[in-house]
Amino acid sequence: MTPDPLGRELDRFDPSLPIESAWTPPASWYLNPDFLGRERQGVFHSTWQAVGRLDQVDHPGDYFTGCLLGEPYVVLRDREGSLRAFHNVCRHHAAHVCEGEGSLEELVCPYHGWTYALDGTLARAPRLGRSEVFQRERFSLKPAAIQTWGPLVFLHLGEGLPPVERQLGDLQPRLEAMGYDQLKFAARRSYDLACNWKVYVDNYLDGGYHVSHLHRALAGQLDLKSYRTELFERISIQSCKAPEEPPAELPPSMPSSTPIS
């Protein structure tokens, strides 16, 4: 049996230990690029990932594109009104068949002009010539699993497909109580962070530890003693109550020159 090159580093972390006896994951989990390869399959490709909104694909021909850990995809509404997702890769020389978002009649590879219908089937392969081995039906765009949940669109790029409700069902009653299905898109902001993805998640999930020091204005509007973290099979929910009495004056946040957590 081939030894697992990451086995020793994985064994350094014991998730069964009580928190008062446990260490955080080793630094190698954040620095060794081999871990990202393991996480690509074990985390991102084995779970449903939110990639967009239903209002982006309201009408036949509407589409949007994106990339999930190196896997380019396109989500679209076909002529019959069905929602579809494909790997955004031409079956000929692997160029993207569309970019950005908008509306289109068909998907055309910019490299050699291979053209696909909105159901992913190959419609035209210009100047292909006569071939005794080419089978058009074998060169459709590769589909990706797609489901919707509330106003959101989710993709699953891996094997062993569970329903999206199994992954997110524990959130359903909380979000319904908040009227999440009535939310309307306002704006999108994107930021490039020079860190391993787990550093960003760790910062968000530190139980409000950095809030009282770094975000003092926010902390003044929270009863941090009520901060709770609830763990479920696939998700965690963090909540915090507002103080019974609002503060008389909100303290300032730390200066922007202070290193963030």
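Quick notes on this one:
- Identity of the residue in segment 89-123, touching a strand residue (DSSP E or B) at 6+ places or on another chain (Cβ under 8 Å) and among the aromatic types (Phe, Trp, Tyr), that ends up nearest to residue 54 (Cα to Cα): 116
- Residue 85 being at pLDDT 95 or above and not hydroxyl-bearing (Ser, Thr, Tyr): yes
- Taking first residues from segment 206-226 that are in contact (Cβ under 8 Å) with a residue 12 or more places away in the chain and partners that are aromatic (Phe, Trp, Tyr), the Cβ contacts under 9 Å between residues at least 6 apart in sequence or on separate chains come to 207/227; 208/227; 211/227.
- The selection criterion, being surrounded by 13 or more Cβ atoms within 10 Å (Cβ to Cβ), in contact with a Ser or Thr (Cβ under 6 Å, 6 or more places away or on another chain) and more than 19 Å from residue 55 (Cα to Cα), does not hold for residue 144.
- Whichever residue in segment 112-126 is assigned to a loop (DSSP other than H, G, I, E, B) and touching a helix residue (DSSP H, G or I) at 6+ places or on another chain (Cβ under 9 Å) and, among such residues, is modelled with the lowest pLDDT: 125
- Among the conditions (1) surrounded by fewer than 19 Cβ atoms within 10 Å (Cβ to Cβ); (2) at pLDDT 95 or above; (3) hydrophobic (A, V, I, L, M, F, W, C), the only one that residue 76 does not satisfy is (1).
- The residue pairs whose first member lies in segment 155-167 and is farther than 20 Å from residue 72 by Cβ and modelled with pLDDT under 90, whose second member is in a helix (DSSP H, G or I) and not hydroxyl-bearing (Ser, Thr, Tyr), and whose beta carbons are closer than 8 Å, counting only pairs six or more residues apart or on different chains, are 165/172.
- Subset of segment 152-175 [surrounded by 14 or more Cβ atoms within 10 Å (Cβ to Cβ) and under 26 Å from residue 97 (Cα atoms)]: 152, 153, 154, 155, 156, 157, 158
- Pairs where the first residue, in segment 51-68, is among the acidic types (Asp, Glu) and the second is surrounded by fewer than 19 Cβ atoms within 10 Å (Cβ to Cβ), C-beta under 6 Å, 6+ apart: 62/103
- Residue in segment 101-111 that is touching a Ser or Thr at 6+ places or on another chain (Cβ under 8 Å), part of a strand (DSSP E or B), surrounded by 11 or more Cβ atoms within 10 Å (Cβ to Cβ) and among the aliphatic types (A, V, I, L, M) present: yes
- Within segment 1-48, the residues that satisfy the criterion of being within 24 Å of the chain's Cα centre (by Cα) and among the aromatic types (Phe, Trp, Tyr) are 29, 30, 35, 44, 48.
- Matching residues, segment 176-202, being more than 17 Å from the chain's Cα centre (by Cα), surrounded by 14 or more Cβ atoms within 10 Å (Cβ to Cβ) and at pLDDT 90 or above: none
- Total residues in segment 112-141, condition over 29 Å from the mean Cα position of the chain (by Cα) and free of Cβ contacts under 8 Å to residues at least 24 places away in the same chain: 17
The values are calculated or read from the model by the stated rules, or taken from the named source; none is laboratory data. Remember, predicted model here, so these are calculated numbers, not experimental data. No Cβ is skipped: glycine too gets one built from the backbone with ideal geometry, and neighbour counts run over all protein chains shown.
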